[in-house]
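Here the structure is laid out as structure tokens; the discussion comes afterwards.
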Amino acid sequence: MIDPTARVADGARIGEGVEIGPYCVIGPRVEIGDGVRLIAHVHVTGLTTVGAGTLVYPFASLGTPPQSVHYRGGATRLVIGPRCELREGVTMNTGTEDGGGITQIGEGCLFMVGSHVGHDCRVGNSVTFANNAVIGGHVTIGDNVFLGGQAAVHQHVRIGEGAMLAGLSGASGDLIPFGFASGGQIADLVGLNVVGLTRRGATRADLHRLRRAYRALFLAGGVFADRLDAVAKEFGADPLVEKVIAFIRADGKRPLIQPARQQHSHDRRDNAV
């Protein structure tokens, strides 16, 4: 079902049951999966794959070259997983040669109006970008992450599984799994994304252990490396805490987002979303 005003280049691979609406433009190296719907005025170019069942709204632009001075014109890719929803004005770039050559989007993600995924990013499953949330190049986003409206993530940052970055906040460092960061241009760690955890089935006991580990890591005194070892010894068998410890020990290119000061009232703030 291709509208007569759409332009689909020779070589494009179009799956079964695809709907391509008015004034869409599809490049010659694009692959559109089964059941994809492009509402209208959608631009898909480059070596781009759109996963089955994905819905794309007007004025989205997918697969354009990376916004990087280091890109040398190579055949880099954008891969969007199945069952995603891309709202109006969403932009996603392909990768760069030196960054692995691919920008990867997981399945079941929601990208609201005006959100952007930069080159060489890895976005997990069931991720939500609210309106105008943007991530720079080489960013890694874990599963079930929520970025609030107009949130911004610096290049090479890691956002851990189940974390939330509040609207109007900037992440210049790595955000631990299940963490909640807020605070304007440079966000601080202000607690845990308890609501998100609860929605995904965490029990009271799970939350209690994770809170205790959080306090020991970020709100106690002493050397952080020593606190990390102590938490790993005490809570390492807990699957949620284990993910936090593994994330920290993976040691990315950016420092961890931490509380602005140790006097944060953690019990009061970690339920905010």
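The values are calculated or read from the model by the stated rules, or taken from the named source; none is laboratory data. Here the structure is a predicted model, which means the values were calculated and not measured. All Cβ positions, glycine included, derive from the backbone under ideal geometry; neighbour counts span all protein chains shown.
Of all the numbered requirements in (1) surrounded by 17 or more Cβ atoms within 10 Å (Cβ to Cβ); (2) touching a strand residue (DSSP E or B) at 6+ places or on another chain (Cβ under 7 Å); (3) aliphatic (A, V, I, L, M), Ala52 misses one, and that requirement is (2). When Pro82, Pro28 are screened for being over 24 Å from Gly108 (Cα atoms), modelled with pLDDT of 95 or more and surrounded by fewer than 20 Cβ atoms within 10 Å (Cβ to Cβ), only Pro28 passes. Given the condition within 21 Å of His119 (Cβ to Cβ) and either outside any strand (DSSP E or B) or among the small types (Gly, Ala, Ser) (or both), answer yes or no: does some residue in the range 12-27 qualify? Looking through the range 12-27, at least one residue is within 21 Å of His119 (Cβ to Cβ) and either outside any strand (DSSP E or B) or among the small types (Gly, Ala, Ser) (or both). Taking Asn125 as the residue in question, decide whether it is of a type outside the set (Asp, Glu), under 13 Å from the mean Cα position of the chain (by Cα) and either more than 24 Å from Arg72 (Cβ to Cβ) or at pLDDT 95 or above (or both). When the stated conditions are applied, Asn125 passes them. Would you confirm, using the coordinates I've provided, whether Gly95 is out of contact with any Asp or Glu (no Cβ under 6 Å at 6 or more places or on another chain), touching a residue at least 24 places away in the same chain (Cβ under 8 Å) and crowded, with 20+ Cβ neighbours inside 10 Å? For Gly95, the condition - out of contact with any Asp or Glu (no Cβ under 6 Å at 6 or more places or on another chain), touching a residue at least 24 places away in the same chain (Cβ under 8 Å) and crowded, with 20+ Cβ neighbours inside 10 Å - is not met.
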